[in-house]
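Reading through the C-alpha cells given below for one structure.
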Amino acid sequence: MYQFDIAAGSKAELYRDLASALDALTADETDGIANMANAAALIWQYLPDLNWAGFYRMVGGELVLGPFQGKAACIRIRLGKGVCGTAAATGETQRVADVLAFPGHIACDAASRSELVVPIVRDGGVIAVLDLDSPLPERFDAEDAAGCEALAVLLSSRIG
Ligand code: SME
C-alpha cells in the first residue's frame, strides 16, 4: 500500500505534493503503462471534482486511449479533433471552461462540463496527452494548467 502526504491547503501545495508523490511512484519503474495507470489513479484520488482523468497516447499518428479513471471512453481520436486532438496537434494546453461551447468537443461522458488537456512532449514531439474532465463548468484555472503541465514534464521520460 502506498501512502502519500498530500496537502490540500492551497492549490500550489496540492500540485507540489502531487508532483512529489508521482515522482516517487514512477522514478524506479520503466513500464510506461504502469506509470500512466498510477498517475491516473493518483490524480483521480487527489484532485477534486473530476469525472474522468487519464491518457491518450500518440500511436501511428492518432491518439489512442491509455490508462484512465472514469467511464469507458472513446478509443481513437484523430489529430485536430476534439479537445484532445487539438492539444496533440498544436502542442498547447487546452483549458476549456465550457465544453459545450468548444467546437468539435467529443463527449465521452455526458456529465463533462469543463476540460483540461495537457500535451506530454518528448524530443520535441507530442507522445501523449493528459486529459482531465469535470462535471463543473470552469473547474480548471491557470494554476491547474501549470500544475498539470509540471506533471506532464515529469512523466515525459517515464511513459515508455
Ligand atoms: N472530450 C475529449 C474526448 C476524450 S474524453 O473527454 C475522455 C475531447 O473532446 O477530445
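We did not get these values from a lab; they are worked out from the coordinates using the rules stated. Owing to the predicted nature of the structure, the values given are computational and were not obtained by experimental measurement. Don't worry about glycine lacking a Cβ; one is built from the backbone with ideal geometry, like all the others, and counts go over all protein chains shown.
Provide the per-residue ³J(HN,Hα) series for segment 109-120, in order, calculated from phi with Karplus coefficients 6.51, -1.76, 1.60 and θ = phi - 60°, each as a whole number of Hz, with x at glycine and proline positions.
10, 4, 6, 5, 10, 9, 8, 10, 10, 10, x, 10
How much net charge surrounds ALA7 when only the other residues with a Cβ under 12 Å from the Cβ of ALA7 are counted, with Lys and Arg +1 and Asp and Glu -1?
Residues near ALA7 contribute -1 overall.
Normalised by the number of residues in the chain, what is the relative contact order in percent for Cα pairs under 8 Å and 6+ residues apart?
24 percent
Find out how many positive minus negative residues lie around ASP17, taking Lys and Arg as positive, Asp and Glu as negative, among other residues whose Cβ is under 15 Å from that of ASP17.
Around ASP17, the surrounding residues sum to -3.
Counting residues in segment 1-63 as N, plug N into 2.2 N^0.38 Å and put the Cα Rg over that result.
Working it through for segment 1-63, the quotient is 1.23.
With each pseudo-label sitting 7 Å past Cα toward Cβ, what's the GLN45-ALA150 distance in nm, one decimal?
Roughly 1.9 nm, to one decimal.
Tabulate in residue order the Karplus-calculated ³J(HN,Hα) for segment 141-146, using 6.51 cos²θ - 1.76 cosθ + 1.60 with θ = phi - 60°, rounded to whole Hz; enter x for Gly and Pro.
Result, rounded to whole Hz: 9, 5, 5, 5, 4, 5.
Dividing the convex hull volume of the alpha carbon atoms of the chain by its residue count, what do you get in Å³ per residue?
With only Cα atoms used, the chain gives 103 Å³ per residue.
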